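Peer 1: Here it is, the structure in full.
The values are calculated or read from the model by the stated rules, or taken from the named source; none is laboratory data. Bear in mind the structure is a predicted one, so any value in this text is a computation, not a measurement. Positions of Cβ are backbone-derived with ideal geometry, glycine not excepted, and every protein chain shown enters the neighbour counts. Remember, those area values only see protein heavy atoms, side chains included, never the ligands or the DNA or RNA. Shrake-Rupley method; radii C 1.70, N 1.55, O 1.52, S 1.80 Å.
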Amino acid sequence: MNVTTVTDLDLKAGDEVLLRLDLNVPMENGKVTDDTRIRATLPTIDYLREKRCKIIAMSHLGRPKRKDPALSLEPAAARLAEIVGSEVLFGHEPGGEEMELVVRELQPGGILVLENLRFDPGETAPDANFAAGLARLARTYVNDAFGTMHRKDASIALVPGLVERAAVGLLVKREIEALDRLLEAPEKPFVAVLGGAKVSDKIGVIENLSRRCDAILIGGAMAYTFLKAKGKAVGDSLVEDDKLLLAERLLERCAERGTRVLLPVDHVVATSPEDTTDVKVVPTIEPGWKGLDIGPATVSAFTQVILDARSVFWNGPMGMFEKDAFSGGTRGVGEALAATEGYTVVGGGDSAAAIAKFHLDQRIDYISTGGGASLTYMEGAELVGLKAIRARGN
Ligand code: ADP
Ligand code: MG
């Protein structure tokens, strides 16, 4: 993987470790409602505690411009304390001098969680002084926040360059290994299933995967831009008219590279997503109708290709799966991934939510915890946070 991992470091009892986590978890009324992301990082936290290191955990939460009590990380720290079964201290002023004193008092194996880094504009700026304030807290930096590793925030991009040694955590290691298995030497046939709302979000992924995949299956709202580019009727479906030329060019490139592209051959349509009284399945979308899911013939065509695949990457729901009337395509494709013998990876926040909704999680080989980060990685781009750690070499 050619990046230093936390297990490569010579850690001693009492060593201070600045640990970038993704504690950006959903909350309601001061309580964490889904702690998946906290649990995903437990292997790294447990490892550091076994080594008797002092853990200084830091993260962002939401997109505050300044201090906002509703976006405090205190509930996440409380949940972490429950999960690890021991006291977790809380630091209200991440970059302040007082924090250095708190860290000095921290017991080996103890955990301190810093307040939401984005309460300081220096985090997203990113500001070198803010980064230096964080770096003063420890000699060692570990990044286990895969979901934010594509961002240039101070705690991701700058802090690794200001400490003595830097490494990735065990969650990041797992994520990268799962995605590398597809990018480096995928077992063939390698199939990508791409959907979701917008072509513009996925251009880089389609471009990169068209070089590596044997087939690309396109569903979701973005399929209509491709269908329209091919001169097909799409009625009133969501289309990005400014991306038609690009869609045409992407299809040409796939043809040149010998990558099969499958587009929907039937559609679940309605006059509006709010009105589910006259939902029907059609091969061609008439004016006044919107395509809101792929139809059963498409599901069965996609399923066949997925069952024959040795590797599958899926990003983006096949329809507006949040509504039952338009969830059949996403469920069908999810079931095909669950059933195939090939190696299956799902990336993307909404896609992962769909897999969970249909209880297919246990039958997928890897579900990425990072939406934007896993897409950036699948585009073939180097993640900012990985680059910063690699630059240290250690
Ligand atoms: P991910 O988070 O997995 O990367 P996206 O964010 O790209 O996925 O897209 C997910 C959204 O796309 C969902 O909210 C879903 O309702 C929407 N969507 C998918 N297909 C359609 C469609 N045909 N019409 C409208 N919205 C759609
Ligand atoms: Mg999304």
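Peer 1: Among the residues of segment 48-76, count how many are part of a helix (DSSP H, G or I) and open to solvent by 10 Å² or more (accessible area, probe 1.4 Å).
Peer 2: Total satisfying the criteria: 7.
Peer 1: Do you know which of the residues in segment 206-220 that are of a type in the set (A, V, I, L, M) and in contact (Cβ under 8 Å) with a residue 60 or more places away in the chain is farthest from ligand 1 (Cβ to nearest atom)?
Peer 2: By that ranking, first place goes to Ala215.
Peer 1: Which residue, of Glu115, Glu93, is within 27 Å of Ala132 (Cβ to Cβ), touching a His at 6+ places or on another chain (Cβ under 7 Å) and surrounded by 13 or more Cβ atoms within 10 Å (Cβ to Cβ)?
Peer 2: Unique residue meeting the criteria: Glu115.
Peer 1: Please list, ordered by residue number, the strands (runs of 3 or more DSSP E) wholly in segment 218-305 having 1 or more residues that are touching a Gly at 6+ places or on another chain (Cβ under 7 Å).
Peer 2: 267-270, 280-282, 290-294
Peer 1: Now a separate question. Could you please find all residues in segment 280-330 being under 25 Å from Tyr366 (Cβ atoms), within 16 Å of ligand 2 (Cβ to nearest atom) and open to solvent by 50 Å² or more (accessible area, probe 1.4 Å)?
Peer 2: Passing the criteria: only Glu322.
Peer 1: Check off (1) within 16 Å of ligand 2 (Cβ to nearest atom); (2) surrounded by 16 or more Cβ atoms within 10 Å (Cβ to Cβ) for Ala356 and give me the number that stays unchecked.
Peer 2: Checking Ala356 against (1) within 16 Å of ligand 2 (Cβ to nearest atom); (2) surrounded by 16 or more Cβ atoms within 10 Å (Cβ to Cβ), the one that fails is (2).
Peer 1: While we're looking at this one, here's another question. Being aliphatic (A, V, I, L, M) and out of contact with any Ser or Thr (no Cβ under 8 Å at 6 or more places or on another chain) narrows it down to one of Leu383, Leu360, so name that one.
Peer 2: Leu360
Listed here are the residues, each with its yes/no results for (1) of a type outside the set (A, V, I, L, M, F, W, C); (2) farther than 22 Å from Arg174 by Cβ.
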position	(1), (2)
Thr41	yes, no
Ile45	no, no
Arg49	yes, no
Cys53	no, no
His60	yes, no
Val88	no, yes
Arg104	yes, yes
Gly110	yes, yes
Glu115	yes, yes
